[in-house]
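*Asks:* For reference, the structure I am asking about is given below.
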Amino acid sequence: MAPSLQVLGVGYISPQNQPILIRYFSGKKKDGLKFHYIAHTSLDVFEERKCYLGLLYAMDDFAVYGYITPLRVKIVLTIALTDNLVRDADVTMIFRALHMAYYHALANPFLRLDAPYDAVVDHTALLVQSKTQWKGFRRRVDEVARACGVNVPPDGEET
Amino acid sequence: MASRASFQSPAPFSAQPMASTSSLVTPTLALLADPPVRQVDAAAMDYLLIEMVQTLRESEAVSSERLKKAEDEMIQAGFMPPTVAAREKQRKEKEKREKEKLRESTGSGAGSPAPGGGAGKGSVEEDAAEEGLRTRLEAIGVHVGGNIAERLCRERPRFTDTLDAVKFVCKDIWSICWDKQVDNLRTNHRGVYVLQDNQFKPICRISSYEGQQDAQRRARTYVALPAGIIKGAFARLGFDASITPEIPHLPQCKCQTY
């Protein structure tokens with residue numbers, strides 16, 4: 001599968017609009033803020049369009065796609081704008097892979113052992129934990145990115 | 001792996017009358033040919049529930065004992081005002097004395113000797129312990145319910161509204177966990193839903209040698225985990241529901257959610 005898309009970054013946002021994970025693959029630390037900004041802007045587009053998501057918007061050198069899972073977790077994908085035709089099916093498949101990564105990470109029953117007894121814990125907050133914990137989720141997202149042809153250095157990146 | 005599906009009755013969700021083109025394909029045969037995917041091991045869940053209630057009951061006793069000791073120490077050392085605790089204690093002592101007087105005047109009952117004298121104080125504490133146990137079970141259930149909902153909702157489209165989500169819980173979650181669907185769903189169209197199951201699986205085999213009333217009382221504890229599962233499922237779907245299970249008579253169970 002010749003990778004014609006170049007994935008720049010991935011963002012997960014919870015149903016309560018909290019960021020779960022923002023991951024970018026460009027290698028420069030200062031881009032982190034840019035991707036947070038992209039995720040934020042996408043939230044407005046999600047609000048507008050309740051149904052069809054897909055290409056949300058395009059900026060100067062990249063395009064942003066959005067996807068919302070049945071349980072209202074939003075996934076934002078940033079792809080470099082090239083002259084190649086980006087097929088919808090490809091993007092959908094990437095989103096499904098990202099959704100599976102999230103689903104597998106969340107299926108960990110040991111995700112939060114010390115939850116208070118009476119609070120209904122916001123489950124997505126569990127994955128926002130500090131960077132040293134829950135590396136599994138990040139690793140899965142990296143795996144998806146590698147399958148798309150992105151050159152991700154093994155476990156070196158920190159968002 | 002023992003599967004506890006009953007092959008005698010067809011699955012409820014295929015309950016439309018089959019316009020049978022061929023008389024050979026019965027619902028039973030269809031079930032055998034294409035068994036539904038089992039997500040939950042029913043036998044393991046049963047045993048787990050039994051053992052869990054026992055274990056957590058003891059654990060809760062130890063934990064609340066520890067808490068009480070710490071509280072007492074704080075009160076002794078003067079860090080905590082004894083007002084609430086001491087007033088409660090005084091009230092309980094008075095109640096106990098009154099109950100004992102009543103008990104003596106009506107003669108010794110047929111109950112076992114141990115609860116005879118301490119029943120006044122005992123039953124209040126016992127209720128608190130059961131309450132603590134139920135809270136723990138519900139918390140575990142919330143966790144489990146959320147993850148089950150996550151698993152089930154992977155492929156399906158988004159929920160249109162609250163009723164859709166409630167119907168999902170009634171059909172899918174109930175049949176995954178307890179092999180059947182909810183028997184009756186009522187709503188007052190203002191956000192209160194009553195789910196009724198006439199043969200609720202976790203409690204349909206509960207019996208107690210102290211009689212039906214006692215069995216019903218004990219069943220309330222066992223229903224805490226399923227209530228938690230439903231609550232967790234709703235929470236994961238985005239609805240902050242509070243679930244009140246009621247057991248009018250075994251093995252019927254009604255859950256009210258708002």
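Each value in this text was obtained by applying a stated rule to the coordinates, not by laboratory testing. Here the structure is a predicted model, which means the values were calculated and not measured. Every residue, glycine as well, gets a Cβ built from its backbone with ideal geometry; the counts of neighbours run over all protein chains shown.
*Asks:* What does a probe at A:K135 reach in segment A:20-46, counting residues whose amide N is under 19 Å from the point 7 Å along Cα→Cβ?
*Replies:* Zone members listed by number: A:21-25, A:27.
*Asks:* In addition: Along Cα→Cβ, 7 Å out, is where each label goes; now give me the distance between the ones at A:T41 and B:R158 in nm to one decimal.
*Replies:* 2.2 nm
*Asks:* As an exercise, use a Förster radius of 45 Å and the Cβ-Cβ distance of A:D31 and B:V37 to find the FRET efficiency, rounded to the nearest 0.05.
*Replies:* It comes to 0.55.
*Asks:* Over segment B:138-257, what number does the Rg to Rh ratio reach, with both radii from the alpha-carbon atoms and Rh per Kirkwood?
*Replies:* Details: Rg = 14.2 Å, Rh = 14.5 Å.
Taking Rh as the inverse mean 1/r over Cα pairs, Rg/Rh reads 0.98.
*Asks:* Based on other C-beta atoms within 10 Å, arrange A:Y24, A:Y57 from fewest to most.
*Replies:* So the ranking, lowest neighbour count to highest, is A:Y57, A:Y24.
*Asks:* Which of the peptides B:59-65, A:93-99 is most tightly packed, and how do the rest follow, going by the mean number of other Cβ atoms within 10 Å of each residue?
*Replies:* Numbers: B:59-65: 13.9, A:93-99: 19.0.
My ranking of the peptides, most packed first, is A:93-99, B:59-65.
*Asks:* OK, next. For A:H36, what is the net charge nearby, where nearby means another residue's Cβ is under 13 Å from its Cβ and Lys, Arg count +1, Asp, Glu -1?
*Replies:* On the way: positive: A:R23, A:K29, A:K30, A:K34; negative: A:D31.
Around A:H36, the surrounding residues sum to +3.
*Asks:* Would you mind getting me the FRET efficiency between B:T28 and A:M59? Use the beta-carbon distance for r and R0 = 41 Å, nearest 0.05.
*Replies:* 0.10
*Asks:* Taking H placed 1.01 Å from N in the peptide plane, check which residues at least 5 places from A:I20 or on another chain put their amide H under 5 Å from its amide H.
*Replies:* When sequence neighbours closer than 5 places are left aside, the close amide H contacts are A:Y12, A:I13, A:S14.
*Asks:* Rounded to the nearest 0.05, what FRET efficiency is calculated for B:Y258 and B:K68 with R0 set to 25 Å and r the Cβ-Cβ distance? Don't jump to the answer; show the numbers that get you there.
*Replies:* Values: r = 33 Å, r/R0 = 1.33.
Efficiency, rounded to the nearest 0.05: 0.15.
*Asks:* Counting only Cα atoms, I'd like the Rg/Rh figure for segment A:1-96, Kirkwood definition for Rh.
*Replies:* 0.94
*Asks:* Which cross-chain or sequence-distant (5 or more) residues have an amide H under 5 Å from the amide H of B:R38, H modelled 1.01 Å from N in plane?
*Replies:* Here nothing satisfies the definition.
*Asks:* If you don't mind, there's one more thing I want to ask. Please order A:K28, B:K180, B:K68 by the number of other Cβ within 10 Å, starting at the fewest.
*Replies:* Ordered by Cβ neighbours within 10 Å, fewest first: A:K28, B:K68, B:K180.
*Asks:* Residues with amide H under 5 Å of A:L81's amide H, sequence separation 5 or more or different chain, H placed in the peptide plane at 1.01 Å from N; which?
*Replies:* Amide H neighbours of A:L81: A:F62, A:A63.
*Asks:* A follow-up question, please. For B:T187, B:T55, B:T221, B:T257, which order do you get if you count the other beta carbons within 10 Å of each Cβ and list the fewest first?
*Replies:* B:T55, B:T187, B:T221, B:T257
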